[in-house]
Amino acid sequence: MDALRLDGVVKRFGDFTAVDNLSFAVAPGEVFGFLGGNGAGKTTSLRMVLDILRPDAGNISVLGRAPGRANSAMLGFLPEERGLYRSMTALDTIVYFGRLKGMTPSDARGEGKALLERFGLQDFAKTTVDKLSKGMAQKVQLATAVVNRPQLLILDEPFSGLDPVNQGLLEDEIVRAAKGGAAVVFSTHVMQHAERLCDRLLLLARGKKLFEGTQDEARATLPVELHLSAKQSPTGLPGVIDAQPLGEAGAWRDWSVRLAPGGDPGDLLEHCTAQGFALRRFEQRRASLHEVFLHIVGGEAR
């Protein structure tokens, strides 16, 4: 059973369509990146999953059920706009959110203490939120999202405003949750985090899905770029769509070579070996997820 499934979901605000016929599914234990620029429809989509908003069309399944309060015990959510009760202590805050998710007082307190220790905040358990630094408060907020060990963890722009240390902590928690069997869905417009974490990803622009798949499948939409050092021009070799010389001409010359999207560098190397096409360098350049995002989403986002 999918932990989360959307089928043909539409959400309109007046004449504006924020989410346009969106469909995707997330499996247990999977880290799923929900990627798009500002205003792409990411937050609106997640709010429908959480039953904060209702779709105008389509269906949503959350752990096999319709969105609603009945799912709260199995869900964890970290909103983009953070907010805690400033007069509550760190531990009481975590316990409070655990109780909202159906945990017993003793279980919520035990898990809260364990989380504070894991996050290096055990000495601040009785400190009120208004006395914590911003980074400490963000750790407490993260603890409220995972205190119930959710089966579906939803994080909306979770890295926003975090320093590098806390970004690393959050990445560790995402990996921990997925290894524990949870489906993790996080929205972001920062490709580096998605590149390090995602099993699969969805690229969204103006409410429409433009791509869904693995990172390798996303990179396959771009021409394959190689750097070669050869005695003669690689123009005309099988699969080569462009070859540009680099540096000065000589006995050996460096070339920037592009293969058609989905082209196999191994096939080209095998051809060169069989045909005696001399090479001193053969290196594939791996496209970044940022480049893939610009290639797939850039024009549509504009």
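What follows is calculated from the coordinates using simple rules that are stated; it is not laboratory data. Note that the coordinates shown come from a computational prediction; the quantities given were computed from them, not determined experimentally. Every residue, glycine among them, receives a Cβ derived from its backbone with ideal geometry; neighbour counts consider all protein chains shown.
Brief remarks follow.
- Net charge of the neighbourhood of ALA27, taken over other residues with C-beta under 12 Å away and scored Lys/Arg +1, Asp/Glu -1, is -1.
- Simple label model, 7 Å out from Cα along Cβ direction - GLU195 to ALA220, nm: 2.1 nm
- Loop-located trypsin sites (Lys or Arg not before Pro) in region 122-202 whose Cβ has at most 13 other Cβ within 10 Å (DSSP): LYS126
- Mean residue ellipticity (222 nm) of the chain, computed from DSSP H runs ≥ 4 via -39,500 (n - 2.57), nearest 500: -10000 deg cm²/dmol
- Cβ charges +1 (Lys, Arg) and -1 (Asp, Glu), total dipole of the chain, debye: 800 debye
- Applying 1/(1 + (r/R0)^6) with R0 = 45 Å to the Cβ-Cβ distance of GLU212 and VAL165 gives a FRET efficiency near 0.90.
- Degrees separating the helix 90-100 axis from the principal Cα axis of the chain, which is the longest one: 90 degrees
- Calculated Kirkwood radius over Cα pairs in Å (choose from (1) 20.1; (2) 21.7; (3) 23.9), label: (2)
- Packing order of peptides 78-85, 90-97, highest average first: 90-97, 78-85 (average count of other Cβ atoms within 10 Å over each peptide's residues).
- Dividing the convex hull volume of the alpha carbon atoms of region 31-139 by its residue count gives 139 Å³ per residue.
- Among the GluC sites (Glu not before Pro) in region 210-302, those placed in a DSSP loop whose Cβ has at most 12 other Cβ atoms within 10 Å are GLU248.
- Amide H to amide H, with H built 1.01 Å from N, ALA220 comes under 5 Å of no residue 5 or more places away or on another chain.
- For the pair region 1-51 / region 145-218, the C-alpha centres are spaced 14 Å from each other.
- Two-site label geometry, SER87 and ARG149: point separation in nm, points 7 Å out along Cα→Cβ: 3.5 nm
- For region 223-285: rounded, prolate or oblate by the Cα gyration tensor [a/c cutoff 1.5]: oblate
- Cα gyration tensor category, rounded, prolate or oblate, for region 189-238 with a/c compared to 1.5: prolate
- Coupling constants for region 120-135 follow from the phi torsions by the Karplus curve (6.51 cos²θ - 1.76 cosθ + 1.60, θ = phi - 60°), and in residue order they are x, 10, 4, 7, 10, 4, 9, 8, 6, 4, 5, 9, 8, 5, 4, x Hz; glycine and proline get x.
- The chain, relative contact order [Cα under 8 Å, separation at least 6], %: 20 percent
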